[in-house]
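Data first, discussion second: the structure below is written as structure tokens.
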Amino acid sequence: MTMIDQYAVFGHPITHSKSPRIHAFFARQTGQLLHYFAQDVAADGFVAAADGFFAEGGRGLNCTVPLKELAWEYADHLTERARLARAVNTLAVESDGRVSGDNTDGIGLVIDLTENHHLELAGKRILILGAGGACRGIIAPLLERQPELMMIANRTPAKADAIVEDFAGLGRLDSGDFTQLAGQQFDVIINATSASLSGQLPPLPGNLLAKHGYCYDLAYSNRPTAFVAWGRQNQAEKSLDGLGMLVEQAAEAFAIWRGIRPATKAVIETLNSERDAN
Ligand code: NDP
């Protein structure tokens, strides 16, 4: 009997995850035979669930909130970007049976910004709001595009300071709390706080976004998030949410597992048209 390769996303909560549909699209499009499912796994059950999944022949796992740091500890070895991020969203079984850990969130964001939305990051002033796991995942891939500088502003500034220390040497980085943003302007503002999930917005001064600037909320929703709405009010050239990033990080994970990168445009269009209809 031929066993179909098994993949899954673990997280808590997980019921609304779009990942099984995204990977089913990719599998159909690339003619790959695989099964991808979502499983509700809380932090205290992660190691047992991952051990069980791989013992039964599972080939690859995505990990989402609140498991990315645990997946980082679980991996037998890490890519450099995952090591720096201290968070793993993609685990893969290698030919020798060891489990590798990668973080495709940052490259997913960069591809969405630069390829899907034609934004040149080189020479730009970038502001990141928030200093949690998602912020750590996007810093190195953004710095690779050689922005002029990157500022990390967080409600708890010590967390932003620690990130600047960890990534020192990769580019020009600065940190502070939201009050330190007064009088500054940025070409790209990325919301990596989880404030949008509760309809909130970090306290942002007026005039923060430069002319023709971009706003990007890592969170996504059927309705414009509070930060996407803020970007529109502040005349952003584009004010986007994280749906494109979600699809692009999934395409990168699929490429790690299957050796082929699926096309993403039709998948993003389908998911976008579904939420327009809601
Ligand atoms: P964490 O819990 O690790 O970090 C949350 C961050 O948000 C912290 O910096 C926290 O500040 C800040 N924060 C929370 N509430 C507020 C508020 N009311 N005002 C100001 N700051 C606030 O979350 P993650 O980093 O894992 O996730 C952040 C966001 O990114 C989530 O919305 C998540 O859904 C999204 N995401 C999207 C992805 C995609 O593919 N599109 C991929 C990964 C994440 P403090 O340190 O002071 O507590």
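Coordinate-derived values only; no laboratory data. In this text, all values refer to a predicted model and were calculated from it rather than measured experimentally. With ideal geometry, Cβ positions are generated from the backbone for all residues, glycine too; neighbour counts draw on all protein chains shown.
Apply the Karplus parameterisation 6.51 cos²θ - 1.76 cosθ + 1.60, with θ equal to phi minus 60°, to every residue of region 197-211 and state each ³J(HN,Hα) to the nearest whole Hz, in sequence, with x for glycine and proline.
In residue order, the calculated couplings are 5, 10, x, 9, 9, x, x, 10, x, x, 6, 6, 9, 5, 4 Hz.
With everything on Cα atoms, drop me the angle between helix 46-55 and the longest principal axis of the chain, reported from 0 to 90° to the nearest 10.
Taking the Cα atoms of the chain, the angle to 46-55 is about 40 degrees.
Please list 169-179, 226-236 highest first by mean number of surrounding beta-carbon atoms within 10 Å per residue.
The packing order, highest mean first, is 226-236, 169-179.
Once a ≥ b ≥ c are taken as the square roots of the eigenvalues of the Cα gyration tensor of region 31-108, is the result rounded (a/c under 1.5), prolate (a/b larger than b/c) or oblate (a/b not larger than b/c)?
It is rounded, given that a/c, with a ≥ b ≥ c, falls under 1.5.
So, by mean Cβ neighbours within 10 angstrom, what's the order for 245-258, 119-132 with the highest one leading?
Details: 245-258: 24.0, 119-132: 19.8.
Ranking the peptides 245-258, 119-132 by packing returns 245-258, 119-132.
Hey, what angle do you get for helix 243-258 against the long axis of the chain, alpha-carbon based, 0 to 90 degrees rounded to 10?
Tilt of helix 243-258: around 40 degrees.
If you place +1 on the Cβ of every Lys and Arg, -1 on the Cβ of every Asp and Glu, and leave all else neutral, what size is the dipole of the chain about its Cα centre, to the nearest 20 Debye?
Dipole size: approximately 600 debye.
In region 204-262, what is the volume of the convex hull around the alpha carbon atoms, normalised per residue and reported in Å³?
Value for region 204-262: 100 Å³ per residue.
At q = 0.25 Å⁻¹, work out log10 I(q)/I(0) for region 139-212 with the Debye formula, treating every Cα as an identical point scatterer and leaving solvent out; two decimals please.
-1.35
With θ taken as phi - 60° and the coefficients 6.51, -1.76 and 1.60, list the Karplus ³J(HN,Hα) couplings across region 221-232 in order, rounded to whole Hz; mark glycine and proline as x.
Once rounded to whole Hz, the list reads 6, 5, 10, x, 6, 4, 6, 4, 5, 4, x, 5.
Counting only residues 5 or more places away or on other chains, whose amide H sits under 5 Å from the amide H of Asp174 once H atoms are built in the peptide plane?
Met150, Met151, Ile152
Which entries of Lys211/Lys238; Lys68/Lys124; Lys18/Lys265 have Cα-Cα distances beyond 18 Å here?
Lys68/Lys124
Give me the percent of DSSP beta bridges within the chain that run antiparallel, rounded to the nearest 5.
15 percent
Compute the convex hull volume of the Cα atoms of the chain, divide it by the residue count, and report the result per residue in Å³ as a whole number. Kindly include the intermediate steps, with their values, before the conclusion.
Working: hull volume 36.3 nm³, N = 278.
Each residue corresponds to 131 Å³ of Cα convex hull volume.
Say the dipole of region 1-58 comes from +1 at the beta carbon of Lys and Arg and -1 at that of Asp and Glu; which of Gln32, Ile4, Gly58 then lies farthest toward its positive end?
Positive-end residue among those listed: Gln32.
Could you give the size of the charge dipole of region 20-160 about its Cα centre, using +1 on the Cβ of each K and R and -1 on the Cβ of each D and E, expressed in debye and rounded to the nearest 20? It would help to have the intermediate numbers written out before the result.
Values: 14 positive and 17 negative charges, 99 e Å.
Value, rounded to 20: 480 debye.
Any idea what the dipole of region 96-135 comes to, in debye rounded to 20, about its Cα centre with Lys/Arg Cβ at +1 and Asp/Glu Cβ at -1? Don't skip to the answer; put the middle values down first.
Working: 3 positive and 6 negative charges, 45 e Å.
The dipole magnitude comes to about 220 debye.
Once phi is turned into θ = phi - 60°, what whole-Hz ³J(HN,Hα) does the Karplus curve with 6.51, -1.76 and 1.60 give for every residue of region 273-278, x standing for Gly and Pro?
Calculated HN-Hα couplings, in order: 5, 5, 6, 4, 6, 7 Hz.
Mind listing the long-range amide H neighbours of Val88? Cut-off is under 5 Å, sequence gap 5 or more, other chains count too, H placed in the peptide plane at 1.01 Å from N.
Glu69, Ala71, Trp72
Along the positive direction of the dipole of the chain (beta-carbon charges: Lys, Arg +1; Asp, Glu -1; about the Cα centre), which of Val188, Leu218, Leu78 reaches farthest?
Value computed over the given set: Val188.
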